[in-house]
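The values are calculated or read from the model by the stated rules, or taken from the named source; none is laboratory data. Every value quoted in this text rests on a predicted model; they were computed, and no experiment measured them. Neighbour counts are summed over all protein chains in view; Cβ atoms, including those assigned to glycine, are modelled from backbone coordinates with ideal geometry.
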Ligand code: G4P
């Protein structure tokens, strides 16, 4: 196949949702359609139900390095789909944010009963920062959910997006009768637990046709007609350009567990979802069709099994062709590296691959050469922009319990933070190490891993900070004076950037207004 065609047949995306909205279930249905799995129940949820480390460790142990749940590639109607998994647990939100830097589009699952939830809001913020096109799937229509119009309004308002219904539901809960496809003009009647692979939809050329009454009954037929008139009148045809520009989000109604409404969405997805996109770098925009390889590491997965202490770096190809055993330029380390066993992820298996194209995610065995954001090229020096760190929410001082193992501790902290498990800060003028995470669970994970992988024993002491902001100023002296004056709240991040650790929103706002010459950045990407 031609280079151009290889790129054009790829779609790389993530399914995001608040935990329990149905992400795992929907993923499984996609894999069934793609023929990547044969039976329902094959995809195990990787969510952590009890928010306990033991659960997390257990899940990680089971997953081992198989990382099958991190990237799933499958073919559907000639399109190669790369589905990137995102952890649902909020303590691992940063992992999800970074995964979103490696996709070209997103499917957002919303629970029709709960509507917009916390996690949904945050994830959408990241999508908006990057102008990522979003398709919305309103799930669990078989349950008594919110009124369809209220729900759409809530999503639009809360997530600040404009929705464009592609299908329209007929009731919900016990009365859920199916969906009307506003584009293909057909009706699909709801049946619980359908294996629905065939197309059992009924073409409706005219909604006033009496066949609609026969199928839905007089009352529901009338409601559907009214709804459709309203929706059609407001929306008209979907403008694919607006979707690609992240201005409009097509929305589908369905029930993932019943495999209902999923195919409609998947068919639309492969038709309209973006092909791998060109990307900005620190030097220039890299065109996706460029012949030379470029790409970046967005995730590092460590194996917690002490017998196999290897790590896998997830590398998103952005241009050119990745080839096994070929030397590529590792920009940060300024050295040439090659990979004899790069992996691709076909659903549940990983297999060694010979080459990969833009849009693909390759798993690279890593012995400590990679950090999040690292770039490989064929010689040029640049890095991909838009892979920021967000402020942690919980800050703790690292207390070394075993001074004999100080070196191991330092190494462990560097490596774990390179992996993106947490952020590391050093307090101003001192050596006090501060770890910042999004969730409590990560501290337990770090403590566990420092002990088991590096032999370093630590405790954490809570610090009263709520947010880290990165500082810059046109006037170096002003910046210098500020960090000296605010010693107790000043720190350096791992790359040596000045950081202000605020105790509260009030303190932060006060400092921002008192120091107009200093810029407070809310992500680490400040250049
Ligand atoms: P997540 O990955 O987003 O966290 O959600 P997941 O797919 O695990 O789904 C969460 C729960 O919602 C599961 O039930 C799942 O069976 C259920 N679910 C998913 N889609 C639908 C739907 O369309 N209708 C209804 N009624 N339920 C749905 P659970 O009891 O938490 O888990 P399980 O024991 O069934 O695995």
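Can you give me the number of residues within the range 374-386 that are in a loop (DSSP other than H, G, I, E, B) and surrounded by 22 or more Cβ atoms within 10 Å (Cβ to Cβ)? The number of residues fulfilling the criteria is 1.
Using the structure shown, decide if residue 316 is closer than 30 Å to residue 440 by Cβ and modelled with pLDDT of 95 or more. Judged against the criteria, residue 316 is a match. Whether a residue is surrounded by 22 or more Cβ atoms within 10 Å (Cβ to Cβ), modelled with pLDDT of 95 or more, under 19 Å from residue 179 (Cβ atoms) and away from the ligand (no atom under 16 Å from the Cβ) was assessed, and residue 276 does not pass this test. The set of residues in the range 354-363 being under 23 Å from residue 335 (Cβ atoms) and surrounded by fewer than 22 Cβ atoms within 10 Å (Cβ to Cβ) consists of 355 alone. Residues in the range 239-268 that are under 13 Å from residue 167 (Cβ atoms) and either part of a loop (DSSP other than H, G, I, E, B) or away from the ligand (no atom under 16 Å from the Cβ) (or both): 250, 254, 261, 267, 268.
Selection over the range 252-261 of residues that are in contact with a helix residue (DSSP H, G or I) (Cβ under 7 Å, 6 or more places away or on another chain) and surrounded by 24 or more Cβ atoms within 10 Å (Cβ to Cβ) gives a count of 3.
Screening 152, 84, 80, 123 for residues that are more than 16 Å from the ligand (Cβ to nearest atom) and more than 14 Å from residue 252 (Cα to Cα) leaves exactly one candidate, 80.
Can you find even one residue in the range 150-159 that is out of contact with any helix residue (DSSP H, G or I) (no Cβ under 8 Å at 6 or more places or on another chain), over 30 Å from residue 387 (Cα atoms) and in a loop (DSSP other than H, G, I, E, B)?
No.
The set of residues from the range 448-462 being in contact with a strand residue (DSSP E or B) (Cβ under 6 Å, 6 or more places away or on another chain) and at pLDDT below 95 comprises just one member, 450. For the range 126-142, the tally of residues that are in a loop (DSSP other than H, G, I, E, B), more than 10 Å from the ligand (Cβ to nearest atom) and touching a strand residue (DSSP E or B) at 6+ places or on another chain (Cβ under 8 Å) stands at 2. Here is the figure for the range 101-125: residues that are buried (at least 21 other Cβ atoms within 10 Å of the Cβ) and assigned to a helix (DSSP H, G or I) total 5. If you filter the range 193-205 down to residues that are in a loop (DSSP other than H, G, I, E, B), modelled with pLDDT of 60 or more and in contact with a strand residue (DSSP E or B) (Cβ under 8 Å, 6 or more places away or on another chain), you find that the one that is surrounded by the fewest Cβ atoms within 10 Å (Cβ to Cβ) is 200. What number of residues within the range 394-443 are buried (at least 21 other Cβ atoms within 10 Å of the Cβ), in a strand (DSSP E or B) and within 22 Å of the chain's Cα centre (by Cα)? So the answer is 3. Taken over the range 61-75, the residue count meeting the criterion of being modelled with pLDDT of 55 or more and surrounded by fewer than 19 Cβ atoms within 10 Å (Cβ to Cβ) is 1.
Quick check on this structure: which one of 334, 349 is out of contact with any strand residue (DSSP E or B) (no Cβ under 9 Å at 6 or more places or on another chain) and either modelled with pLDDT of 95 or more or buried (at least 21 other Cβ atoms within 10 Å of the Cβ) (or both)?
On the way: 349 fails: either modelled with pLDDT of 95 or more or buried (at least 21 other Cβ atoms within 10 Å of the Cβ) (or both).
From the options 334, 349, the qualifying one is 334.
Within the range 19-36, not a single residue is closer than 24 Å to residue 293 by Cα, more than 10 Å from the ligand (Cβ to nearest atom), in contact with a strand residue (DSSP E or B) (Cβ under 7 Å, 6 or more places away or on another chain) and modelled with pLDDT of 85 or more.
Go through (1) out of contact with any strand residue (DSSP E or B) (no Cβ under 6 Å at 6 or more places or on another chain); (2) buried (at least 18 other Cβ atoms within 10 Å of the Cβ) one by one and return the number of the condition residue 147 breaks. Failed condition: (2).
For the range 173-185, a residue qualifies if it is under 15 Å from residue 217 (Cα atoms), out of contact with any strand residue (DSSP E or B) (no Cβ under 6 Å at 6 or more places or on another chain) and part of a loop (DSSP other than H, G, I, E, B), and exactly one does: 176.
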